[in-house]
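The values are calculated or read from the model by the stated rules, or taken from the named source; none is laboratory data. What you see is a predicted model; the values in this text were computed from it and never measured. Using ideal geometry, Cβ is built from the backbone for each residue, glycine included, and neighbour counts are taken over all protein chains shown. Please note that ligands, DNA and RNA were not included when accessible areas were found on the heavy atoms of the full protein model with its side chains. Shrake-Rupley method; radii C 1.70, N 1.55, O 1.52, S 1.80 Å.
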There are 2 protein chains.
Amino acid sequence: MENFDPALDGAFHALADPTRRAVLRQLLAGPKPVKQLAEPFAMGLPAFLKHLRVLEETGLIATEKTGRIRTCRIEPERLLQAESWLAEQRAFWGAGADRLAAYVENHLAEEPNP
Amino acid sequence: MENFDPALDGAFHALADPTRRAVLRQLLAGPKPVKQLAEPFAMGLPAFLKHLRVLEETGLIATEKTGRIRTCRIEPERLLQAESWLAEQRAFWGAGADRLAAYVENHLAEEPNP
DNA sequence: AAATCAGTTCACCACTTGGCAAACCAAATC
DNA sequence: GATTTGGTTTGCCAAGTGGTGAACTGATTT
């Protein structure tokens, strides 16, 4: 029932950028320092740091600075929250019988694009 | 490996707005005309139509106009695509053993002795 | 035919986003 | 102690977003 959940807003907004999704992908393999994370992207560090800050403020990653390097690690809770919202919606449109019938009628006759 | 998928960009961007998420919730119960969809929200129709267009261009909903009323219905494919991306990431960070250990250490008060 | 109703379009506005360059700070390194 | 290295801050800019009000179109009702 939490339609106005700011955490969801932030999580989906953060995920809407390919750079940020790629950062999350990199962090799946384990924590990494900022510069190593930034390497694959064709942009300056300031721009990249903005993306990191978005991810951190949203709670999708956490960072810690030791010495002069800042290490980033993934923070799975928000990711799980976003996924569970989507799963909840899916469960819902699976629930209505007529809704399901309409879906079948409209989509099963054609070839869906994967 | 499709990090630069514009469809995902659009889907997550569309989901980042509470109004649009609420519209999707309403449509889970079945197709609805525009005005009925717009009723719960404290905004004019032009602003609401912009949200609907975002949802439609992203492929999250489909609309059809008969007479003077436009009926909207949900289009589950994009939703599934977004959810499966998240599920994929979750599967990944479940894969790394040290990553999993760090997660347990940081978030669970239990002892993960395998 | 006139009035209403459901959308639509248009012009405009405040605010955010995503990028840049340049200067700056602190920690390693030479 | 001078220099590189990793990160940060500060302005700045073009483009996009989310909203408004007013005018308009076309279908329905009276």
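Quick notes on this structure:
- Set of lysines near residue B:35 by C-alpha distance (under 23 Å), chain-local residues within fewer than 8 positions excluded: B:50, B:65
- log₁₀ of I(q)/I(0) at q = 0.17 Å⁻¹ - region A:6-107, Debye sum with one point per alpha carbon: -0.77
- Rounded, prolate or oblate (a/c below 1.5 giving rounded, otherwise prolate when a/b exceeds b/c) for region A:41-85 by Cα gyration tensor: oblate
- Residue-normalised accessible area of region A:13-70, given per residue in Å² at a 1.4 Å probe: 53 Å²
- Solvent-accessible surface (1.4 angstrom probe) belonging to residue B:13, in square angstrom, nearest 10: 90 Å²
- Accessible area of residue A:93 in the full protein assembly, 1.4 Å probe (Å², nearest 10): 30 Å²
- Cα centroid separation, region B:1-35 to region A:49-93: 20 Å.
- The accessible-area ordering, largest first, of the residues B:41, A:92 stands as A:92, B:41, per a 1.4 angstrom probe.
- Starting from the label point of residue A:39 at 7 Å along Cα→Cβ, the same points in the other copies fall at 5.8 nm, in ascending order.
- Paramagnetic label zone (point 7 Å from Cα along Cα-to-C-beta, residue B:84; backbone N under 20 Å) in region B:12-47: B:12-15
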